[in-house]
Amino acid sequence: MALDDLRARVQAVLPGIRSDLEDLVRIESVSADPARAGEVERSAEAVRDLFAAEGFDSRIARAEEGAAPAVIAHRPGPAGSPTVLLYAHHDVQPENDHADWDSPPYVPTERDGRLYARGAADDKAGICAHLAAIRALGDDLAIGVTMFIEGEEEVGSDSLPALLAQEKDALTADVIVIADSGNWDIGVPALTTSLRGLVRVDVEVRTLTHAVHSGMWGGLVPDSLMTLARLIASLHDDEGNVAITGLHSGPADDVEYPEERLRAESGAVPGIRWIGSGPVVERLWTKPALSITGLDAPQVFGASNTLVPAARARISLRIAPGDTTANALDCLKKHLEEHVAWGAELGITVVDTGEATAIDATGPAYDVARDAFTQAWDGVRPVDMGVGGSIPFIAEFLTAFPRASVLVTGVEDPDTRAHGANEGLHLAEFERVCLAETLLLANLASIRP
């Protein structure tokens, strides 16, 4: 089908898609909130019904009783045609303080070309991009399509491995499209080809069995806070590179990340200097990064003149593609054990881990995808980009379906503010995303399974 024909079809279905998206974001499907478990169920039912209305065999599936609800829907293609699995998730992050939002978080509101609401982008727009492509193609859809819409991505996808194993026959596909990432910029599409992994640990340092007077014992007995601070300081060198021996680092694609864009997107204060060395995109995508995301210590207000016996920190270590969580955890533990000062007792508790992902984005399916993106963005070729954050479930798909071509796409842009207040979907870019996926599904019919 001609590009102009497909563009017209997408434009014709977009008003209905917009309405469906607004209905979905009104459902408060916060998977992290047990009080809203019923809303997560209601969200799954709404998604199930949307695809059932398009002629799919659509059902709710879960790994076990009480697990989060996923939606699996299938529509077969002609004999001998490939099957594509389209992934998104219907659960959302908590909205946190409503006062930080410029409009109510579950009331879809358009301002300046964006649709604002929790889940308007991450990832209910991913669901609706899939739906738009299916509606636009209608009876001309010449491939088999399976939908897999997860309901616990925002809380770590704990039951996903079991669900993939349980539903392996239903979910097996030649191509998998995971719509949970983003594009490089407004007007510049992207395929995500690498994501860092994650190792999080809680580290406790203890120097005393109980608190003692700082005047009586200061100068002889080390307090836990100064000991913990010294240990944390050892984790980076003077330039800000991670100083843990044995972690993997790798090269990144040669992508320019302008200074003014870095500062605008990061929210860095004007005088801040960047940490680390090497190209910016390597520091963000393909080198390890370590942050302290929490501290347990007495607050300043009301602090007494005592030596604190124990202090604790949460360490978040992002690992580069090509590394493993097992290696990173071993290296981190060894470093902490070797650098804890003054004989302090050290406790390390693993919070969670997630493997890094590196995708070999070559082959016929990727060629079709890049052509679809280029056409949808009026001749702009997609960037192969990395993501500094972690989406561990992608590694689960690569393991479960090693023969499938996995395409990581998405609806987000640098100002989407996913997970934060005023999350918003750029509506013009969303139309391009829908057109690109329509082109992709139309042209994947030429791929032989």
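In whole angstrom, note down how far apart the Cα centers of the range 271-339 and the range 420-441 are.
Value for the Cα centre distance between the two parts: 35 Å.
Working with all protein chains in place, sort ILE275, ILE186 by solvent-accessible area computed with a 1.4 Å probe, largest first.
ILE275, ILE186
Pull up the cross-link candidates among the lysines for LYS168, meaning alpha carbon to alpha carbon under 30 Å and not fewer than 8 places away within one chain.
Output for LYS168: LYS124.
With a 1.4 Å probe and all protein chains in place, put ARG7, ARG370 in order of accessible area, largest first.
Largest to smallest exposure gives the sequence ARG7, ARG370.
Give a residue-ordered list of calculated ³J(HN,Hα) values for the range 170-185 (Karplus: 6.51 cos²θ - 1.76 cosθ + 1.60, θ = phi - 60°; whole Hz; x for Gly, Pro).
Using θ = phi - 60°, the values come out as 6, 9, 4, 8, 7, 9, 10, 10, 9, 9, 9, 10, x, 10, 5, 6 Hz.
Counting only residues 5 or more places away or on other chains, whose amide H sits under 5 Å from the amide H of ARG26 once H atoms are built in the peptide plane?
Under 5 Å from the amide H of ARG26 lies no amide H from a residue far enough along the sequence or on another chain.
Per 0.36 nm of contour for each residue apart, how much would the distance between VAL300 and GLN166 grow if the chain were fully extended, relative to their Cα-Cα spacing?
43.1 nm
Largest first, how would HIS248, HIS130, HIS213 line up by accessible area (1.4 Å probe)?
The residues order as HIS213, HIS248, HIS130, largest area first.
May I ask you to give the percent of accessible area on the range 190-342 that is carbon plus sulfur, with a probe radius of 1.4 Å?
54
Which of the three applies to the range 75-213, rounded, prolate or oblate, going by the alpha-carbon gyration tensor with a ≥ b ≥ c and a/c under 1.5 meaning rounded?
Since a/c reaches 1.5 but b/c is at least a/b, the shape of the range 75-213 is classed as oblate.
Determine the shape class of the range 395-445: with a ≥ b ≥ c the square roots of the Cα gyration tensor eigenvalues, call it rounded for a/c under 1.5, and otherwise prolate if a/b is greater than b/c, oblate otherwise.
oblate
For the chain, what does -39500 (n - 2.57) per DSSP helix run (n ≥ 4), summed and divided by total residues, give at 222 nm, in deg cm²/dmol to the nearest 500?
-9500 deg cm²/dmol
The values are calculated or read from the model by the stated rules, or taken from the named source; none is laboratory data. On a predicted model such as this, the values are computed, not experimentally measured, just so you know. To get the accessible areas, we keep the full protein, side chains included, count just its heavy atoms, and leave off ligands, DNA and RNA. Shrake-Rupley method; radii C 1.70, N 1.55, O 1.52, S 1.80 Å.
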